[in-house]
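Report on the structure given below.
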Amino acid sequence: MKDGHLPVLAAEVVTMLAPAPGSLQLDATVGGGGHTERILEATDPDGHLLGLDADGAAIARVDRRLRPRFGDRLVLRSANFRELATVAPAAGFAAVDGALFDLGLSSFQLADAERGFGIRAGGPLDMRFDPSRGVPAAELLATLDAAELTALFRRFGEEPQAARIARAIVDARRTAPLRTAEELAALIERVAPHGPRGRRRIHPATRVFQALRIAVNEELDALEAGLAAAADLLRPGGRLVVLSYHSLEDRIVKRFIAAERRGCTCPPEVPVCVCGRNPRLRLVTRPSLTPSAAEIAANPRARSARLRAAERIAA
Ligand SMILES: C[S@@+](CC[C@H](N)C(=O)[O-])C[C@H]1O[C@@H](n2cnc3c(N)ncnc32)[C@H](O)[C@@H]1O
């Protein structure tokens, strides 16, 4: 692919992070390094950035591409952002001025047939961001029973035909295991050919692929842990910017920011606060930003993006 991964809402991310020269920045999802590069440019000449990705191949690629230009201003770690609370301080980033999460997967991963993320790219159904950990998608399809698969497709894919697809998978695997993205996509096209009704037509397997990817990578749990750790790391005045691509992610981000704006977690019937928690964030975007029609035309992957930004206040 000529352009690799085009960073989504790149100008807006930089505006919202407002990275200053000399500041310490965190990119929790380096991917192709597009946002990383822009943040490092904005922090010229002496800002530093810690970049994380669960996918070691992404870290290696960005290291090759950006190291010659930014030298030791760029610190890279192959790590899951759910481990941010330990990884960041160990890398010298115990307090940061900005933190970015650009969720989901990159165009590199989607196009790589070895990874099994893409309906069209095909390949073995793996879908792990970090192929050295966890269980590949094919194993979930081989071992979960119909009720468990139904629940998974409903919960993480909001798939209306979850039960029908789950039953078909259990039937099909009696003959032969489902091993590739092509096999799974063809089965879904056969048993549930009409994707959910909506404004745009998506491949009927899109929601099941999303559900499997979220389950394989425990994405929603990782997001909750990563956001909490990032808020702990932010200095007062530091910015948190999150780009999400579907409602399950965005709901977590929205609720997280709302809870951190509220602070107190005491139930309403308690007359005086006993939890002692103070508000830690204030909203920067009200309520969120989405890409322009021109950006979506140039980069269709941006179409479902939603950016939320908040600023750390002294707690
Ligand atoms: C949308 S891409 C990021 C693209 C990047 N902002 C750019 O401009 O090129 C998302 C990246 O996050 C990584 N990722 C997803 N979940 C992760 C997690 N829990 N911890 C670390 N990296 C994660 C994926 O491996 C992928 O490379």
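Structural remarks
- DSSP beta bridges in the chain [antiparallel fraction, %, rounded to 5]: 40 percent
- Rounded to the nearest whole Hz, the Karplus-based 3J(HN,Hα) values (6.51 cos²θ - 1.76 cosθ + 1.60, θ = phi - 60°) of region 253-260 follow the sequence 5, 4, 5, 4, 5, 4, 5, 6, with x at glycine and proline.
- For region 282-298, backbone phi angles converted through the Karplus equation (6.51, -1.76, 1.60; θ = phi - 60°) give residue-by-residue couplings of 10, 6, 9, 9, 10, x, 7, 10, 10, x, 6, 4, 5, 5, 5, 5, 7 Hz, Gly and Pro being listed as x.
- Between region 173-193 and region 1-72, the Cα center-to-center distance that results, in Å: 38 Å
- Value of [θ]222 nm, deg cm²/dmol, for the chain, DSSP H segments ≥ 4, -39500 (n - 2.57) each, nearest 500: -13000 deg cm²/dmol
- Share of carbon and sulfur in the accessible area of the chain stands at 52%, probe radius 1.4 Å.
- For the pair ARG201 and ARG120, the difference between a 0.36 nm per residue extended length and the Cα-Cα distance amounts to 27.6 nm.
- For region 68-132, the Stokes-Einstein estimate of translational diffusion at 10 °C and a viscosity of 1.306 mPa s comes to 111 µm²/s, using the Kirkwood hydrodynamic radius over alpha-carbon pairs.
- The residues MET127, MET16, sorted by heavy-atom accessible surface at 1.4 Å with ligands and nucleic acids left out, run MET16, MET127 from largest to smallest.
- Per-residue Karplus couplings for region 153-168, computed as 6.51 cos²θ - 1.76 cosθ + 1.60 with θ equal to phi - 60°, are listed in order as 5, 6, 5, 9, x, 6, 7, x, 9, 4, 5, 5, 5, 4, 4, 5 Hz, Gly and Pro entered as x.
- Residues with amide H under 5 Å from that of GLY238, placed H, sequence gap 5 or more: ARG312
- Across all Cα atoms of region 170-315, the radius of gyration (one decimal) and Dmax (whole number) stand at 20.4, 63 Å.
- The share of Cα pairs per 20 Å bin across the chain, counted from zero up to the longest distance, runs 31, 55, 14, 0 percent.
- Rh (Kirkwood; distinct C-alpha pairs) - region 90-197, Å: 15.6 Å
- A cut-off of 5 Å between modelled amide H atoms, ignoring neighbours fewer than 5 places along the same chain, links VAL96 with LEU234, ARG235.
- In nm, spacing of pseudo-spin labels at ARG255 and GLU218 (7 Å Cα→C-beta vector): 1.8 nm
- LEU76 long-range amide H proximity, modeled H, under 5 Å: GLY51
The values are calculated or read from the model by the stated rules, or taken from the named source; none is laboratory data. Everything numeric in this text was worked out from a predicted model, so none of it was measured. When we count neighbours, we look across all protein chains shown, and the Cβ atoms used for this are built from the backbone with ideal geometry, even at glycine. Protein only, heavy atoms only, side chains kept; ligands, DNA and RNA dropped before computing areas. Shrake-Rupley method; radii C 1.70, N 1.55, O 1.52, S 1.80 Å.
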